[in-house]
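The values are calculated or read from the model by the stated rules, or taken from the named source; none is laboratory data. Here the structure is a predicted model, which is why all the values come from computation and not from measurement. Don't worry about glycine lacking a Cβ; one is built from the backbone with ideal geometry, like all the others, and counts go over all protein chains shown.
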Amino acid sequence: MPYLFVAPNMFIFLTFIIWPAIRGFQISFYDSIDGRTFTPVGAGNYRAIFGDPTVAEVAKNTAIYVIFYVIISTVLSIAFALIVNEQQFAKGFFRAILFLPVMLSPVVVGLIWNDVLDRKVGPLNSLLEALGGGSPGWLIEPKLGMIAVIFVGVWVHLGFYSIILLAGLQGIDRSLLEAAAMDGATRPQIIRTIILPLLKPTTLVILILATIHGFQSFDFIYTLTGGGPFGATTLIVQYIYDRAFQTPIQYGLGSAAGVVLFMIIFAFTALNFLLGKKRQAI
């Protein structure tokens, strides 16, 4: 009976996730421009990827984005979870506001922030001009473009991570905190010596999820900057998209790049998990 209940979900999962992944791996060893005719090329697609001069720039952009995205998301989500956990008034309202960006379509998020960050008519630059800060070209200058996509990426997922950490906070035994307070520990000391150590398992989950989300970022970036300016915000998923669906179409090359992305995400996820387990053991 339990298998019968999970069968519909497993059917969908196998049909739309596992089977396409297997087919993608198979196609990575072929060359195809129409998805119907396949020419075996062996490991040629993988050699082409690592021989592509644009891959180094894409890898650098992806590394910068993922590192800053993971660090900022983790730190801010812990901070927001601590703040929301201490609220006594309108808890539900503030949690809903915090989680609201998660509910938005990534494409809509890109379009919204495209308007907000517009150099000429965007409200952010209008505010900066009123304060005497000038009009930065958030979406037309390479360095500012990367800052913009990192900020929007954090904004989108911050509520999701904060809610997970909030659940972890609420699972901490309140008697430990009360005992520490009675012994004269200050709030920063309680956070540093009790709360943060007990949040390590939940923080590990956030690190893994943020790493995966960072490497998979594409949709809101594509609608926000299109990978520009001058390729400064082109990440690995857009590289896959461009190779597989933009002229000249190279399904095999795009599939090979997808396999490489899978291996990278798997390696970083395994590393985070093993390091987290090692810290807990210590």
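The single condition among (1) among the hydrophobic types (A, V, I, L, M, F, W, C); (2) in contact (Cβ under 8 Å) with a residue 24 or more places away in the chain; (3) surrounded by fewer than 18 Cβ atoms within 10 Å (Cβ to Cβ) that Leu253 does not satisfy is (3).
Residues checked against (1) without any contact (Cβ under 8 Å) to a residue 60 or more places away in the chain; (2) farther than 29 Å from Gly227 by Cβ; (3) not β-branched (Val, Ile, Thr):
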site: Met10; (1), (2), (3): yes, yes, yes
site: Arg23; (1), (2), (3): yes, no, yes
site: Asp34; (1), (2), (3): no, no, yes
site: Ala43; (1), (2), (3): yes, no, yes
site: Ile49; (1), (2), (3): no, no, no
site: Thr54; (1), (2), (3): no, no, no
site: Glu57; (1), (2), (3): no, no, yes
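Given the criteria surrounded by 15 or more Cβ atoms within 10 Å (Cβ to Cβ), farther than 30 Å from Lys143 by Cβ and of a type in the set (Phe, Trp, Tyr), does Tyr65 qualify? The answer is no for Tyr65.
Of the helices (runs of 4 or more DSSP H) that lie entirely inside the stretch 85-149, those containing 1 or more residues that are among the acidic types (Asp, Glu), farther than 30 Å from Leu196 by Cα and modelled with pLDDT of 85 or more span 106-116, 123-130.
The criterion of at least 1 residues that are of a type in the set (Val, Ile, Thr) and in contact with a Leu (Cβ under 9 Å, 6 or more places away or on another chain) is met, among helices (runs of 4 or more DSSP H) falling completely within the stretch 1-59, by 44-51. Would you tally the residues in the stretch 45-62 being under 14 Å from Gln238 (Cα atoms) and of a type outside the set (A, V, I, L, M, F, W, C)? Residues flagged as under 14 Å from Gln238 (Cα atoms) and of a type outside the set (A, V, I, L, M, F, W, C) within the stretch 45-62 amount to 5.
Determine if the stretch 200-211 includes at least one residue that is surrounded by fewer than 15 Cβ atoms within 10 Å (Cβ to Cβ) and either at pLDDT 90 or above or more than 24 Å from Leu98 (Cα to Cα) (or both). Show your work before the answer.
So the first thing to find is which residues in the stretch 200-211 are surrounded by fewer than 15 Cβ atoms within 10 Å (Cβ to Cβ), and the list is 200-201.
Filter once more, keeping what is either at pLDDT 90 or above or more than 24 Å from Leu98 (Cα to Cα) (or both): none.
Checking the stretch 200-211: not a single residue is surrounded by fewer than 15 Cβ atoms within 10 Å (Cβ to Cβ) and either at pLDDT 90 or above or more than 24 Å from Leu98 (Cα to Cα) (or both).
Out of Ile163, Ile191, Ile172, one residue alone is in contact with a Lys or Arg (Cβ under 8 Å, 6 or more places away or on another chain) and either farther than 29 Å from Phe25 by Cα or part of a helix (DSSP H, G or I) (or both). It is Ile163. In this structure, is Phe230 among the hydrophobic types (A, V, I, L, M, F, W, C), under 30 Å from Trp113 (Cα atoms) and outside any helix (DSSP H, G or I)? In short, yes.
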